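Working notes, structure below.
The values are calculated or read from the model by the stated rules, or taken from the named source; none is laboratory data. This one's a predicted model, so the numbers in the text were calculated from it and none came from an experiment. Note that we place each Cβ from the backbone using ideal geometry, even for glycine, and neighbour counts take in every protein chain shown. We work out accessible area using only protein heavy atoms, side chains counted, and drop any ligands, DNA or RNA first. Shrake-Rupley method; radii C 1.70, N 1.55, O 1.52, S 1.80 Å.
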Amino acid sequence: MRNRILRFAKGVKLPIDVLMSTIALLGNKSSGKTYGGKKLFEAAHALGVQCIALEPIGKWFGLRLHKDGRQPGLKDVYIFGGKHADFPLRVDMGAFIAKLLVERHVHAILDVSLMRKAERRRFVTDFVEEFHLLKKQEDVPHPCVLFLEEAHAFAPQTVRDEEARMLGAVEDVVREGRNAGIGIVLM
């Protein structure tokens with residue numbers, strides 16, 4: 001991945017290695033965090049880096065559309081779950097989807113917007129734990145960027161008992177993911 005340039009926005013060029021770190025896009029409501037995350041997804045995708053967005057709002061399907069809203073955008077991004085799903089997403093599929101994405105190295109949007117909070121917690125926990133474990137087992141880690149839209153939903157500051165395992169899984173992948181070829185973008 002070295003010596004390749006990530007073209008994030010007009011006039012903004014970053015070394016591609018930045019994708020294997022933890023990036024946080026912070027701001028007020030409607031300040032462009034999602035837009036910035038999608039631009040990073042597109043830039044990483046253009047360089048052949050596997051991109052996976054985990055999102056609870058149901059808006060990332062737009063990556064499949066050109067900016068004019070009519071023509072196709074990123075054709076090889078699969079949408080799991082949500083209103084625009086290519087494939088359904090059930091609460092018990094977290095580990096299965098993690099295995100699929102690690103083995104196939106495909107780009108994906110995991111849209112959990114149609115799940116209840118308890119279902120999201122279970123799916124996200126199972127997905128993140130299994131994904132991190134499988135990536136750590138790769139002989140040569142295949143680079144991947146995991147985008148966490150509305151990161152506070154997956155890593156809350158005030159933790160209830162039922163959220164503790166999910167928070168632990170997310171904290172582990174944020175802290176240790178780089179060693180397994182996982183970059184993180186928190187929005």
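So the values come out like this:
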item	result
13 Å beta-carbon shell around Ile97, net charge (K/R +1, D/E -1)	-3
Along principal axes, Cα extents of region 59-116, largest first, whole Å	36, 28, 12
Calculated FRET value between Ile5 and Lys83, using beta carbons and R₀ = 45 Å, to 0.05	0.80
Highest-fluctuation residue, Ile97, Ile57, Ile79 considered, GNM on the chain with Cα pairs under 10 Å	Ile57
Space enclosed by the convex hull of the alpha-carbon atoms of region 9-107, per residue, Å³	136 Å³
Of every Cα-Cα pair in region 34-90, the percent that sits beyond 15 Å	47 percent
Spacing of the two label points (7 Å from each Cα toward its C-beta) at Ser21 and Thr158, in nm	3.3 nm
Rounded FRET efficiency, nearest 0.05, which uses the C-beta distance separating Val91 from Leu14 and R0 of 45 Å	0.80
Cβ-based net charge around His84, under 12 Å, with every Lys or Arg adding one and every Asp or Glu removing one	0
For region 1-98, accessible area per residue (1.4 Å probe, heavy atoms of protein chains only), Å²	60 Å²
Within the accessible area of the chain (1.4 Å probe), percent carbon and sulfur	51 percent
Under 5 Å, built H, 5+ apart or other chain: amide partners of Ile23	Ile184, Val185, Leu186
Among Ala95, Ala169, Ala118: highest mean-square fluctuation, GNM of the chain, C-alpha pairs under 10 Å	Ala118
Value of [θ]222 nm, deg cm²/dmol, for the chain, DSSP H segments ≥ 4, -39500 (n - 2.57) each, nearest 500	-10500 deg cm²/dmol
